[in-house]
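The structure appears right after this line, and notes come after that.
The values are calculated or read from the model by the stated rules, or taken from the named source; none is laboratory data. Just so you know, these numbers come straight off a predicted model, no measurement behind them. Cβ atoms come from the backbone with ideal geometry, glycine included; neighbour counts cover every protein chain shown. With ligands, DNA and RNA removed, areas are computed over all heavy atoms of the protein, side chains included. Shrake-Rupley method; radii C 1.70, N 1.55, O 1.52, S 1.80 Å.
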Amino acid sequence: MRMLDKCAANQGDRDNLPESARDAEKDRCALGGAKAVQGIQNNPECADASLSAEAGETLITLSCRINGQPVTAEVPPSRRLLTVLREELGLTGTKRSCELGRCGACMVLIDGRPVNSCLTMAYQCEGAEITTIEGLSGGGLHPVQQAFLEEGGFQCGYCTPGMVISVVALLSENPKPAPEEVEEALSGNLCRCTGYGGIMRAVNKAIEKGVG
Ligand code: FES
Ligand code: FES
């Protein structure tokens with residue numbers, strides 16, 4: 001089933017959403033306009049949906065690097081980085097949740113700094129070096145991911161990519177953070193499973209191992 005058909009099938013559900021959520025849903029479904037994404041394999045389902053591009057829609061050429069690869073894309077000004085990553089490049093390790101900048105599930109590194117991709121417009125990433133959870137290590141697990149695995153730092157795992165990204169950013173800047181500095185660094189990452197005990201054990205293990 002094409003992406004737009006899926007969206008249309010859920011129209012009744014969306015009518016019951018608050019306006020902000022409907023806007024977000026519209027943004028998800030309005031995949032048109034991404035005429036070309038080069039550098040990382042495109043998502044064929046979304047390429048199909050690009051047939052819906054509105055006539056006369058202004059596109060901006062975005063050139064950046066994602067996980068070490070050069071990427072060029074034509075994006076409308078309203079396109080969020082989160083949408084480009086997940087729906088056009090198939091990098092679904094970056095999670096969509098609140099879309100309001102409150103949960104950190106969509107966290108990526110932009111030029112080494114942790115950023116909520118749901119609040120970042122794609123055009124703002126011109127020339128940027130973006131790292132998603134898929135690009136953290138060249139092969140195998142990044143040491144922070146390994147620490148989460150060993151210490152049970154996840155339950156459903158939905159928050160984990162964002163948590164890991166935030167920890168990697170923290171330890172690369174401050175390899176021996178104090179507990180309050182860890183709490184501050186993770187204050188923008190919420191775990192709906194409330195598995196903070198395991199998460200803190202994982203962070204402490206990564207610190208002990210000298211990650212960063
Ligand atoms: S989805 Fe971006 S902060 Fe929650
Ligand atoms: S492990 Fe489920 S949201 Fe954190």
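Of note:
- Annotation: Gly138 fulfils all but one of (1) out of contact with any strand residue (DSSP E or B) (no Cβ under 6 Å at 6 or more places or on another chain); (2) part of a helix (DSSP H, G or I); (3) over 30 Å from Leu59 (Cα atoms); the unmet one is (2).
- Meets criteria (away from ligand 1 (no atom under 15 Å from the Cβ), part of a loop (DSSP other than H, G, I, E, B) and at pLDDT 95 or above) for Gly90: yes
- Look at region 96-117: where a residue is surrounded by fewer than 17 Cβ atoms within 10 Å (Cβ to Cβ) and a partner is at pLDDT below 95, sitting 6+ places away or on another chain with Cβ atoms under 9 Å, you get Leu100/Ser20; Leu100/Ala24.
- Test set (1) at pLDDT below 95; (2) within 16 Å of ligand 1 (Cβ to nearest atom); (3) open to solvent by 20 Å² or more (accessible area, probe 1.4 Å); (4) not in a loop (DSSP other than H, G, I, E, B) - Ala24 fails condition number: (3)
- Residue match in region 119-132 (condition: open to solvent by 10 Å² or more (accessible area, probe 1.4 Å), without any contact (Cβ under 8 Å) to a residue 24 or more places away in the chain, more than 16 Å from ligand 2 (Cβ to nearest atom) and assigned to a loop (DSSP other than H, G, I, E, B)): no
- Flag for Ile130 being under 11 Å from the mean Cα position of the chain (by Cα), at pLDDT 95 or above, more than 13 Å from ligand 1 (Cβ to nearest atom) and on the phi < 0 side of the Ramachandran plot: yes
- Within region 42-63, tally of residues that are open to solvent by less than 10 Å² (accessible area, probe 1.4 Å) and at pLDDT 95 or above: 1
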